[in-house]
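All remarks here apply to the structure that follows.
FYI, it's all coordinate maths here, none of it is from the lab. It should be emphasised that the depicted structure is a prediction, and the values quoted were computed from it without experimental measurement. Cβ placement follows ideal geometry from the backbone for every residue including glycine, while neighbour counts extend to all protein chains displayed.
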Amino acid sequence: MGESQLSPLLPTFARIDLSFERGEGPWLITPQGDRYLDFAAGIAVNSLGHSHPHLVEALKAQGEKLWHISNLYHIPEGEKLAKRLTDNTFADTVFFTNSGAEAMECAIKMARKYHSANGHPERYRIITFEGAFHGRTLATIAAGGQAKYLEGFGPKVEGFDQVPFGDHKAIEAAIGPETAAILVEPVQGEGGVRPVPPQCLRGLREMCDKHGLLLIFDEVQAGVGRTGKFFAHQKAGVAPDIMAVAKGIGGGFPLGACLATTEAGKGMTAGVHGTTYGGNPLAMAVGNAVLDVVLAPGFLEHVEKMSLLLKQSLASVADRHPAIIESVRGEGLLIGLKAKINNGELVTALRDQHLLSVGAGDNVVRLLPPLIIDESHVASAIERLEKACVALEQQAAHKAKTASKDQ
Ligand SMILES: *Cc1c(COP(=O)(O)O)cnc(C)c1O
């Protein structure tokens with residue numbers, strides 16, 4: 001009694017009072033016609049911006065033919081997408097899902113099944129890193145290990161051992177007879193845009209080889225061109241055994257994938273894992289259309305070029321406003337501004353200038369523009385950031401003045 005009723009939408013998100021009616025490339029447009037420059041891209045999902053004509057066409061064409069048929073039958077569009085993913089990566093095989101967390105679930109189950117199929121069912125534990133984010137299912141919150149996501153949901157799923165970020169001694173110490181795999185994001189996204197140095201990734205590969213462990217990369221956020229390579233780990237020249245992908249691969253259509261080598265996937269025989277929607281014809285048509293663009297000659301070079309321009313311009317804004325921005329970091333167009341003020345205040349000030357960004361751990365503001373931005377969008381974003389910094393400095397000066405008057 002007296003408690004107000006829950007809203008029709010379960011209030012698990014603290015939503016900003018803003019909605020959009022349509023999008024054009026990197027722009028989002030409200031019902032009133034206000035334009036926002038979208039450097040959040042649906043949290044690294046709208047890799048090709050909004051309403052990309054090639055994706056719209058692919059979705060429409062497939063929509064008129066066949067939406068869903070289940071995995072009881074062959075899906076040629078899926079076979080094609082899997083072949084293109086394996087042709088362009090370390091992997092030999094792909095399982096399609098609808099989300100990042102499901103791709104991670106498949107990766108976790110696969111790593112455990114691999115050892116079980118090898119006669120070692122006791123090897124099921126997975127080493128993960130502090131600050132990691134792997135999704136919101138019961139197993140992936142255990143893998144991420146963040147107290148705020150685990151609290152109140154009963155016993156944590158067993159079998160995840162967390163070590164400090166990049167601490168190789170701690171990893172060595174955590175490896176035991178029950179260890180199955182090491183799981184890492186080559187660039188931590190939610191954790192605050194923290195790239196794992198290439199020598200660390202190589203070190204993890206060596207450790208896995210030495211101890212017979214599988215190396216799992218979570219590239220749900222960093223993959224599919226976001227860092228200027230097709231996948232972030234390709235920069236370091238290190239290949240995993242299993243990799244989770246989602247976000248950018250669907251360009252806004254829910255699509256995820258778990259990629260693996262023949263060896264790592266050998267326990268995953270008919271009937272051991274499944275999905276109703278995963279890999280359905282609509283998702284496969286859009287995934288193929290995304291790859292048409294991302295794998296076209298020159299596209300990843302374009303991402304690198306925009307990244308350099310954006311990072312250099314951001315660094316000069318940071319130099320001019322050291323009380324607001326401490327540093328600029330990240331790879332490709334997965335960029336973090338480590339804030340000197342509260343990161344949420346910076347996100348709000350940017351939104352006031354009609355530039356959308358996303359907060360992250362470690363007091364970071366993420367800039368995740370669509371990969372199709374050009375020089376004009378970079379210039380526009382920098383202008384808006386500059387204005388936001390000036391506005392924040394004026395607010396701070398005003399506050400200081402009134403505070404000193406009050407004394
Ligand atoms: C977003 C994200 C996930 C979870 O993806 P969902 O589609 O939200 O389930 C997993 N890992 C990483 C690195 C992510 O950024």
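Miscellaneous remarks
- Between residue 301 and residue 157, the modelled label-to-label distance comes to 4.2 nm, taking each label 7 Å out from Cα in the direction of the beta carbon.
- Charge-dipole axis of the range 1-102 as Lys and Arg at +1 and Asp and Glu at -1 on Cβ define it, positive-most pick from 12, 52, 29: 52
- DSSP beta bridges in the chain [antiparallel fraction, %, rounded to 5]: 65 percent
- Cα-projected label distance for residue 7 with residue 72, points at 7 Å along beta-carbon direction, nm: 4.0 nm
- The HN-Hα couplings worked out from phi for the range 111-125 by the Karplus form 6.51 cos²θ - 1.76 cosθ + 1.60 (θ = phi - 60°) are 5, 5, 5, 4, 5, 4, 5, 7, x, 10, x, 6, 8, 10, 7 Hz, whole numbers, x standing for Gly and Pro.
- Averaging Cα coordinates gives a centre for the range 228-248 and one for the range 66-129; these two points are 15 Å apart.
- Computed across the chain, the Kirkwood hydrodynamic radius from all distinct Cα-Cα pairs reaches 22.4 Å.
- Ranked list, fewest to most other Cβ atoms within 10 Å of each Cβ, for 73, 36, 149: 73, 149, 36
- Secondary-structure-derived ellipticity at 222 nm for the chain, considering helices only, amounts to -12000 deg cm²/dmol, per-run term -39500 (n - 2.57) for DSSP H runs with n ≥ 4.
- Linear extension gain, residue 326 paired with residue 210, 0.36 nm per residue minus alpha-carbon span: 37.8 nm
- Rounded to the nearest 20 debye, the dipole size of the chain about its Cα centre is 240 debye, using +1 on the Cβ of Lys and Arg and -1 on the Cβ of Asp and Glu.
- Within the chain, the cysteines lacking any other cysteine Cβ closer than 4.7 Å to their own Cβ are 200, 208, 389.
- The residue list 154, 97, 174 was ranked by how far each Cα lies along the charge dipole of the range 78-231 toward its positive end, using unit charges on Cβ atoms, and 97 comes out on top.
- C-alpha center-to-center spacing [the range 143-174, the range 255-333] in angstrom: 25 Å
- Counting beta carbons within 10 Å around each of 106, 200 and listing the fewest first gives the order 200, 106.
- Projecting label points 7 angstrom from Cα along Cα→Cβ for residue 57 and residue 169 puts them 5.8 nm apart.
- Highest-MSF residue in the chain out of 59, 215, 72 [GNM, Cα springs under 10 Å]: 72
- Ascending count of other beta-carbon atoms within 10 Å, so fewest first, for 60, 113, 387, 247: 60, 387, 113, 247
- Sequence-distant contacts, meaning Cα pairs under 8 Å at least 6 residues apart, place the relative contact order of the chain at 21 percent.
- Stokes-Einstein, applied to the Kirkwood radius of the range 132-222 over Cα pairs at a viscosity of 1.306 mPa s and 10 °C, places its translational diffusion at 115 µm² s⁻¹.
- Positive-pole candidate from 318, 254, 308, dipole of the range 250-340, charges at beta carbon: 318
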